[in-house]
1. If a paramagnetic tag sat 7 Å from the Cα of R183 along the Cα-Cβ line, which residues of segment 142-175 would have the backbone N under 20 Å from that point?
2. Please compute the modelled spin-label separation between Y159 and M171, points set 7 Å along Cα→Cβ, answer in nm with one decimal.
3. Would you kindly state how much longer the chain becomes between S147 and T108 on full extension, computed as 0.36 nm times their sequence separation minus their alpha carbon distance, in nm to one decimal?
4. If you take all C-alpha pairs in segment 70-206, what percent of them are over 27 Å apart?
5. Distance cut-off 28 Å, Cα to Cα: go down the list K89/K124; K136/K195; K91/K136; K160/K195 and report the pairs above it.
Amino acid sequence: MINNLKMFIMRSKKQTEPALTFESIMAGFKETREQIKELVEAGKETDRRLEKMYEESRKERKELNQQLGGISNSNGEMAEAYFYNAFKKHKYFANEHYDHVLKPTKVTNGELEAEFDIILFNGKSVAIIEVKYNAKPENIYIDDLISSVEKFRILFPNYKNHNIYLGVAAMTFREGLEKRLHRNGIATIRQLGKKMVIYDKEMKVF
């Protein structure tokens, strides 16, 4: 009798286990597809959010660069105004007195174009001054400064036989740059307190 009871219990357990049918398999596939679909949609939403964040970040960087560019332009204009007014007042450079001081000017003859920050003129000499707020190798190219002499002679033929001097004026100079300019015969001009100080001991005629 005990054995019959054990067999009855085992048959009952088997009958309570769910049958693995085609319908149950398809239902499982359907549920899995729904889960995958939800994951895909979640991924798309994440991509949209990341794209939006990137776009907002790009706009912020652009605005910041514009602000920094505006500050840089403002500093450059301030330096140009300071040195122009200083030369306008004293008109001395390379131990010579100059009759005229020309403020930042862009000149073209139709084929050649050049921009000069400050130009000083007299009857025999011309001084071309490049102006920067902070002079550094990234914005002062010695070869370009020297090549500007030939451009000047072409654009200002009346002064092609004048002595031409070069100078770089700045509120600050990156360490080592002044010595490089001096070795190439280019003077340096800087603000020291309320005065404009010119170093032209090694300056040469171009």
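Nothing in this text is a laboratory measurement; each read-out follows from the coordinates by a stated rule. Note that this is a predicted model, so its numbers are computed, not measured. Cβ atoms come from the backbone with ideal geometry, glycine included; neighbour counts cover every protein chain shown.
1. In segment 142-175, the label zone of R183 (backbone N under 20 Å from the point 7 Å along Cα→Cβ) covers 142-147, 166-169, 173-175.
2. 2.7 nm
3. Numbers: separation 39, 0.36 × 39 = 14.04 nm, distance 1.56 nm.
Gain in length upon complete extension: 12.5 nm.
4. On the way: 1197 of 9316 pairs.
Every Cα pair in segment 70-206 considered, those over 27 Å come to 13 percent.
5. On the way: K89/K124 20 Å; K136/K195 22 Å; K91/K136 26 Å; K160/K195 32 Å.
K160/K195, as the Cα separations exceed 28 Å there.
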